[in-house]
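Working notes, beginning with the structure itself.
The values are calculated or read from the model by the stated rules, or taken from the named source; none is laboratory data. In this text the structure is predicted, and so the values were computed from the model without any measurement. Neighbour counts are summed over all protein chains in view; Cβ atoms, including those assigned to glycine, are modelled from backbone coordinates with ideal geometry.
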């Protein structure tokens, strides 16, 4: 059931996005885990297009928030205003009250506005003037940011980055893929005609099924060992938190389900580590001066942690 729904959504997204099968699968992993996605890459790669394709395929209510320096927290969450006709205060919902929210160029808003998303992302609710409003399920934040152009931007605080389940980079297309992009967009934008291939009710159902995917004790121990190794590595200043452990566990279940399995393999965990843990750790200044990247250090961690093997 999970694999079938994922295949439909993947095929639908690929009507717009050329190639990038792994990126699409990782985005589906986040969707099935009820997690949020941070898409970080250079301009023109297709970050917003991917986010809009996912939203259009899920059949959920969708709102886009263009983050700018003058955006206020109330522009995200909504406001309470006095209705003179009925002589009482009423709540006008903000765009975050949708099921799928595209936070475009999130690092261009001030930290105060960025933090307005924190409660919604973690608690699935917003509080305005002391009144709490629950968000409908499913709820997904797709945020994009440009890591190159830093002028006029506000780096995301660690607390908010940690609330994104997965961080993705799309990357440039191959020569053949770029030819296909030109042909596909020659007459019209295929995103305009993209129709939903699932419903919110079906999506919530498969999200619950993902949690039934079996994780053997040895694989569960491997997940814990990998995350704990990030806290003990000499080049890492701040290792992944228990939230990172849980994120890796849930993502491994979802990836296995997408691939039609009812159990998690160690290879699922190894594939997911760079996407789930990279934004959750800080390497030391000395390591950065040597030109080492977070991805390089994580590869060392993966290579040093023993992989469980099946006993014959």
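Return yes when residue 298 is assigned to a helix (DSSP H, G or I), crowded, with 19+ Cβ neighbours inside 10 Å and modelled with pLDDT of 90 or more and no when it is not. When the stated conditions are applied, residue 298 does not pass them. Return a yes/no flag: does the stretch 3-15 have any residue that is at pLDDT 85 or above, under 22 Å from residue 187 (Cα atoms) and buried (at least 18 other Cβ atoms within 10 Å of the Cβ). Yes: one or more hits. Of everything listed in (1) under 16 Å from the mean Cα position of the chain (by Cα); (2) under 26 Å from residue 204 (Cβ atoms), the single unmet condition for residue 136 is (1).
Across the stretch 74-85, a minimum of one residue is classified as touching a helix residue (DSSP H, G or I) at 6+ places or on another chain (Cβ under 7 Å) and crowded, with 20+ Cβ neighbours inside 10 Å.
Reported count of residues in the stretch 92-135, each being out of contact with any helix residue (DSSP H, G or I) (no Cβ under 8 Å at 6 or more places or on another chain), surrounded by fewer than 15 Cβ atoms within 10 Å (Cβ to Cβ) and within 15 Å of residue 35 (Cα to Cα), is 3. Filtering the stretch 96-117 to residues that are within 29 Å of residue 202 (Cα to Cα) and part of a loop (DSSP other than H, G, I, E, B) leaves 98, 99.
Residue count for the stretch 145-180 satisfying the condition of being modelled with pLDDT of 85 or more and part of a strand (DSSP E or B): 3. Among the residues that make up the stretch 285-299, is at least one of them closer than 27 Å to residue 214 by Cα and either in contact with a helix residue (DSSP H, G or I) (Cβ under 8 Å, 6 or more places away or on another chain) or in the same structural domain as residue 242 (by TED's automatic domain parsing) (or both)? Yes, some residue in the stretch 285-299 is closer than 27 Å to residue 214 by Cα and either in contact with a helix residue (DSSP H, G or I) (Cβ under 8 Å, 6 or more places away or on another chain) or in the same structural domain as residue 242 (by TED's automatic domain parsing) (or both). Check whether at least one residue in the stretch 25-42 is at pLDDT 90 or above, over 10 Å from the mean Cα position of the chain (by Cα) and crowded, with 23+ Cβ neighbours inside 10 Å, and report yes or no. Looking through the stretch 25-42, at least one residue is at pLDDT 90 or above, over 10 Å from the mean Cα position of the chain (by Cα) and crowded, with 23+ Cβ neighbours inside 10 Å. Looking only at the stretch 79-114, residues that are at positive phi and within 21 Å of the chain's Cα centre (by Cα) come to 1 in all. The set of residues in the stretch 118-130 that are farther than 15 Å from residue 158 by Cα and in a helix (DSSP H, G or I) comprises 120, 123.
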